[in-house]
Amino acid sequence: MEYSQVQGPKYDCLLFDLDDTLYPLSTGLATSVLKNIQDYMVEKLGIEESKIPDLCNLLYKNYGTTMAGLRAIGYDFDYDEYHSFVHGRLPYENLKPDPVLRSLLASLPIRKVIFTNADKVHAIKALNRLGLEDCFEGIICFETLNPIHKSTASDDEDDAEFLGSTRSSSAPNGSSGIFDIIGHFAQPDADASGLPKTPIVCKPSESAIEMALGIANINTPHRTLFFEDSVRNIQSGKRVGLDTVLVGKSQRVKGADYALESIHNLREAIPELWEADKITNVSYSGSGVTVETSVTA
Ligand SMILES: [Mg+2]
């Protein structure tokens, strides 16, 4: 058993998703985000209302976010405008300061980093509302993973160079220049292999997670604990070697090392996070080398 040999702190870093992970679904933000995305598609992109539910499902499923999917199938729009439309009208007043979570985080002397697909304005606003703005070493957000911020078609050359072959198969289907993803999946033997690629980097893609780890300077994924409400993000995280905590569910799923009904259950569910702290304080050599001494003996 690994318990027989205490080797200092088990984790070097805690990586947290933000939305629906650091606050519960009951705030209603997620519902509101979905509604705003659908309104954006109708009002700004002129998509037929009857197609919206199917389209949203397919894009979310195949591209990680609806936004990434919209770009992939040929819609062009300004990322900032999209984000401010989708996040600008959220019921932020439902996010209340969370002193319980704040003190839990403060009691853990381990690096803490936010990793969200959302934009920076939203991440900062939400963290401020929760009273957690100074609890994290950094925020990895949409702009971090998608630093080339221009989104007009003429700038795609830059995007392609940065991300590598992003426009290969985005050949338009039909006169609109928009790939008909609903029609694609209506074919009897359709699969995802023929889909156009997206220029947007986001979870759950493994390369997005690896990129985030690089930016956060995390070289030991197995010593990093990744907190997420999304099962598929958990599973991607597991594939890149992270230890994982599914938040918002009491039952673990494949790929999840832990499950927490609420982030508030952290201490009960993963007490070793705090035990490691004691060991660190006593025996950490400061050399960065794993400390072999067991102080509990
Ligand atoms: Mg989330």
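The values are calculated or read from the model by the stated rules, or taken from the named source; none is laboratory data. Since the model is a prediction, treat every value here as computed from it, not as a measurement. Reconstructed Cβ throughout: ideal geometry from the backbone, glycine too, with neighbour counts over all protein chains shown.
Structure notes:
- When residues of region 9-26 are limited to those that are within 12 Å of the ligand (Cβ to nearest atom) and outside any loop (DSSP other than H, G, I, E, B), the one surrounded by the fewest Cβ atoms within 10 Å (Cβ to Cβ): L25
- Only listed residue being within 16 Å of the ligand (Cβ to nearest atom), modelled with pLDDT of 95 or more and over 30 Å from E272 (Cα atoms), chosen from V33, V42: V33
- Some residue of region 127-144 being assigned to a loop (DSSP other than H, G, I, E, B), over 30 Å from Q187 (Cβ atoms) and touching a Phe, Trp or Tyr at 6+ places or on another chain (Cβ under 9 Å): yes
- Pairing each residue of region 218-240 that is within 14 Å of G64 (Cα to Cα) with any residue that is away from the ligand (no atom under 16 Å from the Cβ), provided the two are 6+ apart or on different chains, yields C-beta distances under 6 Å for S236/E206.
- Yes/no for P172 being loosely packed, with under 14 Cβ neighbours inside 10 Å and at pLDDT 55 or above: no
- The set of residues in region 45-60 being within 24 Å of Q235 (Cβ to Cβ), without any contact (Cβ under 8 Å) to a residue 12 or more places away in the chain and away from the ligand (no atom under 16 Å from the Cβ) consists of N57 alone.
- Selection of helices (runs of 4 or more DSSP H) fully inside region 51-122 by the criterion of at least 1 residues being buried (at least 21 other Cβ atoms within 10 Å of the Cβ) and in contact with a Leu (Cβ under 6 Å, 6 or more places away or on another chain) returns 66-72.
- Any chance T224 is at pLDDT 95 or above and among the hydroxyl-bearing types (S, T, Y): yes
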